[in-house]
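The values are calculated or read from the model by the stated rules, or taken from the named source; none is laboratory data. What you see is a predicted model, and the numbers here were worked out from it, not measured in a lab. Cβ placement follows ideal geometry from the backbone for every residue including glycine, while neighbour counts extend to all protein chains displayed.
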Amino acid sequence: MKFGILVFPGSWSHQDFSWVLKDVLGYEAFYIWHKEADLKGADCIILPGGFSYGDYLRAGAIARFSPAMQAVAEFALKGGLVLGSCNGFQILCEAGLLPGALLRNRSLQYRCQWVHLRVESELSPFVVGLQGRVLRMPISHGEGRYYADRETLQALHQHGQVIFRYAEVDGTISQEANPNGSVMNIAGVCNRWGNVLGLMPHPERAAERILGTEDGRLLFEAAVQSLIRA
């Protein structure tokens, strides 16, 4: 299993992903610079968190035009697995690979804290076998408020594309558990086919026992098993 990790000017979670994928889980992982159009035979592409291109204009608005993202779009159309976390989620939405948009947090403040996520659907290979589970991961963002219009939300729920919702530790969906004001507590969605997944929390920062939880590694392991079965 080979993971390609995109790196843009301003990325900062790429090293965390590399550490977890290579040193913790033992998979092959390598960086792909934003100017490269060659994905180097990766089985799964990771878009990490950070501030790509300084988040000028809007978070992810410039990164979507990079040669690497053009290659990712073609890769995704062919069914390739793509995971975007935090800024990576923002980029995927800006690129049109995922529906909706990420807006400023309702508080207008940066939020860095632990959250709980209820897995709503198994449409994505990254969460096969996890539906109904409550996972614990950290967030770290200022523009994480997911928004979509009514028709888009209806389609997302109809097709099982809402993958994660912010929840209490027991799985209850509440406004108190929503750290940024996301519509319907949505923390992550996938495309219609499930191969492209975006979420605001950071699974790469929740993959070692020393950090308090290994829930994040479940996403990577599920994706690997899905490719093995395929």
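Kindly establish whether PHE220 is aromatic (Phe, Trp, Tyr) and touching a residue at least 60 places away in the same chain (Cβ under 8 Å).
Spelling it out, PHE220 is indeed aromatic (Phe, Trp, Tyr) and touching a residue at least 60 places away in the same chain (Cβ under 8 Å).
Can you find a residue in region 22-32 that is assigned to a strand (DSSP E or B), under 12 Å from VAL72 (Cα atoms) and at pLDDT 95 or above? Please lay out each step first, then the result.
Residues of region 22-32 that are assigned to a strand (DSSP E or B), as a first pass: 28-32.
Applying the additional criterion that residues be under 12 Å from VAL72 (Cα atoms) yields 32.
Add one more test, that the residue is at pLDDT 95 or above, and what stays is 32.
Yes, region 22-32 contains at least one residue that is assigned to a strand (DSSP E or B), under 12 Å from VAL72 (Cα atoms) and at pLDDT 95 or above.
Write out, first by first residue and then by second, each pair whose Cβ atoms fall under 6 Å of each other, whose residues are 6+ apart or on separate chains, and whose first residue, in region 111-123, is under 16 Å from GLU214 (Cα atoms) while the second is surrounded by fewer than 17 Cβ atoms within 10 Å (Cβ to Cβ) and at pLDDT 95 or above.
That search, which allows pairs on different chains as well, returns HIS116/VAL134; HIS116/ARG136; HIS116/VAL169; ARG118/VAL134; ARG118/GLY171; VAL119/GLN131; VAL119/ARG133.
Give all pairs with beta carbons closer than 7 Å in which a residue from region 64-85 that is within 21 Å of PHE220 (Cβ to Cβ) meets a residue that is among the small types (Gly, Ala, Ser) and outside any helix (DSSP H, G or I); count only pairs at least 6 apart in sequence or on separate chains.
Close Cβ pairs satisfying both conditions: ALA68/ALA37; GLY84/GLY198; SER85/SER13; SER85/GLY49.
Looking only at residues in region 81-123 that are over 17 Å from GLY49 (Cα atoms) and among the small types (Gly, Ala, Ser), which one is surrounded by the most Cβ atoms within 10 Å (Cβ to Cβ)?
Looking at the filtered set, the residue picked out is GLY100.
Kindly establish whether HIS141 is in contact (Cβ under 8 Å) with a residue 60 or more places away in the chain, out of contact with any strand residue (DSSP E or B) (no Cβ under 6 Å at 6 or more places or on another chain), within 23 Å of LEU103 (Cβ to Cβ) and crowded, with 20+ Cβ neighbours inside 10 Å.
yes
Has region 196-212 got at least one residue that is outside any loop (DSSP other than H, G, I, E, B), farther than 23 Å from GLY100 by Cβ, in contact with a helix residue (DSSP H, G or I) (Cβ under 9 Å, 6 or more places away or on another chain) and among the hydrophobic types (A, V, I, L, M, F, W, C)?
yes
Report, ordered by the first and then the second residue, all pairs with beta carbons closer than 6 Å, sequence separation of six or more or different chains, a first member in region 157-178 that is among the hydroxyl-bearing types (Ser, Thr, Tyr) and crowded, with 20+ Cβ neighbours inside 10 Å, and a second member that is part of a loop (DSSP other than H, G, I, E, B) and modelled with pLDDT of 95 or more.
Within 6 Å, the pairs are TYR166/ALA177; TYR166/ASN178.
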